[in-house]
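Undergrad: Encoded as structure tokens, here's the structure I'll be asking about.
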Amino acid sequence: MKRVASSDRQALRLLYDRYGGQALSMAQAMLRNQGEAEEIVQDVFLEAWKRAAEYDPRRGSVRGWLLVLVRSRSIDRLRTHEVAARLTQLNPFHPAVRSAEVATPLELVEQKQARERVRLALEQLPAEQRRVVSLGYFDGLSQSEIANVTGDPLGTVKTRVRLAMAKLSELLGIGAKGEGP
Amino acid sequence: VTCDEFRESVDAYAMSLLEPEERAAFHAHLNSPGPHTGCDAALARATELVAVLSDSLPPAHPPKDLWSKIESKIEAQAQVQAKAQREEPKAGPRRTRSVVPWILTALAAGVALFLGFMLRQQGVRMGEVNNEERALLAAPGTQLLELQSSGPSPTPLHARVLYNRQLGRGLVVASGEQAPAGKDFELWVIRGGTPFPAGLLRLEGGVARLVVDPLLLRGGTPDVFAVTLEPAGGSSRPSTAPFLVQSVSG
């Protein structure tokens, strides 16, 4: 990130090669629109280019920083659509995302292992906690919107989010220091 | 927001599950000088969880031309910056030191009320208007509020608000140049003398569009829309005087 902050475009390209696919995957999952997802990825990497100097490794890895940006920008985009229209499109869980290219066998194995690890962790959550994670993380709803969808009090939703994330952090072995850039 | 409150809701913050006002307050806390007790570490843990959960998503491989589009945007931005630097000596002092109270600033701002058809007649090319703006323009009762200069602008910025009281909806369309490095333009909805953060105006390709959070507009008619220059990421309270303002007619 220091190289990116010093306007090293090759360094940004390395970041893009490494995380561009994950960024696109998340944007696609939230927006369910290929064109809009690609626009979000463009905006996020442009933002990373402009704001690289603000990156603070004490607050998370580069991957985490980029993906949080993707989430934030995707949600900004979602807010331009009617919430009601979004609610009619909610999927029970992860939406299908098409790949434009084929990954290598090694990448496929690694991806499958990572997916399986998270899936198993999610399955260990109580159903009501898994639902708030699904609505919040995968559908991009705010806590207030989740409360509207589930009919639960906002305080209950907040508690479930907190408990779910604490449990997932424990199950996935994520400590306070993160996994590093 | 205290450190305890921040740590308690840090996951919702990292996942962008907070409402805009809450998010602004959390952001301000994180960037306050402190001392902090574990806020950075808690955010690092939450950020990593956001990243690791993305492993559950099916992989996507960007199309081949995506990187070239990013490079094009970087080039366009570099050209805008170079142009701004060339013009900087002509711009004069950029820092505003206005101490005019918010409410006086609001009262001093003139009222500009136009109907949607006037927007079309007064220079906005419809090819540049997206569907959401088109729908709001067509809605009965939509006002076009042209934000007026109330002080030196850090960079050239022009902003209009499409506001419909009945629908409780507002859209901001801004054009000009990006905020200086490390800064953001922030929109404020001011009601009863209290400014509420309403989002950041980040220009891409010279244009920014921002949907005003409906929750801010459902609380009653705003007195004023205003724009200030804030630290990157925005503030929960204005830290500078507004340089663009417009009051809303009763």
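Undergrad: Could you check region B:10-38 and list, in sequence order, the residues that are more than 20 Å from residue B:186 (Cα to Cα), among the small types (Gly, Ala, Ser) and surrounded by fewer than 21 Cβ atoms within 10 Å (Cβ to Cβ)?
TA: B:34, B:38
Undergrad: Let me ask something else. What number of residues within region A:14-72 satisfy the criterion of being of a type in the set (S, T, N, Q), more than 7 Å from chain B (Cβ to nearest Cβ) and not in a helix (DSSP H, G or I)?
TA: So the count comes out to 1.
Undergrad: Can residue B:228 be described as under 15 Å from residue B:157 (Cα atoms), of a type in the set (Ser, Thr, Tyr) and modelled with pLDDT of 80 or more? Lay out the reasoning, then the answer.
TA: Details: under 15 Å from residue B:157 (Cα atoms): yes; of a type in the set (Ser, Thr, Tyr): yes; modelled with pLDDT of 80 or more: yes.
Here the answer is yes, as residue B:228 does meet what is asked.
Undergrad: Among the residues of region B:200-208, are any crowded, with 21+ Cβ neighbours inside 10 Å and part of a strand (DSSP E or B)?
TA: Yes, that holds for at least one residue.
Undergrad: Could you pull out the residue among A:83, A:44, A:68 that is at pLDDT below 85, surrounded by 14 or more Cβ atoms within 10 Å (Cβ to Cβ) and in contact with a helix residue (DSSP H, G or I) (Cβ under 8 Å, 6 or more places away or on another chain)? Show your work before the answer.
TA: Details: A:44 fails: at pLDDT below 85; A:68 fails: at pLDDT below 85.
After applying the criteria, what remains is A:83.
Undergrad: Any residue at all in region B:221-233 that's over 22 Å from residue B:27 (Cα atoms), among the polar types (S, T, N, Q) and assigned to a loop (DSSP other than H, G, I, E, B)?
TA: Looking through region B:221-233, at least one residue is over 22 Å from residue B:27 (Cα atoms), among the polar types (S, T, N, Q) and assigned to a loop (DSSP other than H, G, I, E, B).
Undergrad: Moving on to the next point. Assess whether residue A:37 counts as being at pLDDT below 60 and among the small types (Gly, Ala, Ser).
TA: Numbers: at pLDDT below 60: no; among the small types (Gly, Ala, Ser): yes.
No, not satisfied.
Undergrad: Looking only at residues in region B:7-21 that are out of contact with any Gly (no Cβ under 7 Å at 6 or more places or on another chain) and over 13 Å from residue A:161 (Cβ atoms), which one is nearest to the other protein chains (Cβ to nearest Cβ)? Steps first, please.
TA: Going residue by residue through region B:7-21, those that are out of contact with any Gly (no Cβ under 7 Å at 6 or more places or on another chain) are B:8-14, B:16, B:18-19, B:21.
Of the ones still in play, those that are also over 13 Å from residue A:161 (Cβ atoms) are B:19, B:21.
Details: B:19: 6, B:21: 11 Å.
Filtering first and then ranking leaves B:19.
Undergrad: Scan region B:177-199 for residues that are modelled with pLDDT under 85 and crowded, with 18+ Cβ neighbours inside 10 Å and jot them down.
TA: Result: B:190, B:195, B:196.
Undergrad: Condition first: surrounded by fewer than 18 Cβ atoms within 10 Å (Cβ to Cβ), facing chain A (nearest Cβ under 7 Å) and more than 30 Å from residue B:4 (Cα to Cα). Can you find one or more residues in region B:39-61 that meet it?
TA: Yes, some residue in region B:39-61 is surrounded by fewer than 18 Cβ atoms within 10 Å (Cβ to Cβ), facing chain A (nearest Cβ under 7 Å) and more than 30 Å from residue B:4 (Cα to Cα).
Undergrad: Of the residues that make up region B:26-34, is at least one part of a helix (DSSP H, G or I), closer than 23 Å to residue A:43 by Cβ and more than 11 Å from chain A (Cβ to nearest Cβ)?
TA: As a first pass, look at region B:26-34 and keep what is part of a helix (DSSP H, G or I): B:26-30.
Filter once more, keeping what is closer than 23 Å to residue A:43 by Cβ: B:26-27, B:30.
Now narrow it down to the ones that are more than 11 Å from chain A (Cβ to nearest Cβ): B:26.
Taking every residue of region B:26-34 in turn, at least one turns out to be part of a helix (DSSP H, G or I), closer than 23 Å to residue A:43 by Cβ and more than 11 Å from chain A (Cβ to nearest Cβ).
Undergrad: Filter region B:149-185 for residues that are closer than 21 Å to residue A:49 by Cα and in a strand (DSSP E or B) and give the result.
TA: Here is the first cut: in region B:149-185, the ones closer than 21 Å to residue A:49 by Cα are B:155, B:176-185.
Within region B:149-185, B:176, B:183, B:184, B:185 meet the criteria.
Undergrad: State all residues of region B:62-84 that are within 7 Å of chain A (Cβ to nearest Cβ) and either acidic (Asp, Glu) or in a loop (DSSP other than H, G, I, E, B) (or both); if no residue qualifies, say none.
TA: Those that are within 7 Å of chain A (Cβ to nearest Cβ) and either acidic (Asp, Glu) or in a loop (DSSP other than H, G, I, E, B) (or both): B:62, B:63.
The values are calculated or read from the model by the stated rules, or taken from the named source; none is laboratory data. Please read these numbers as outputs of a predicted model, since none were measured by experiment. Cβ: placed from backbone, ideal geometry, glycine included. Neighbour counts: every protein chain shown.
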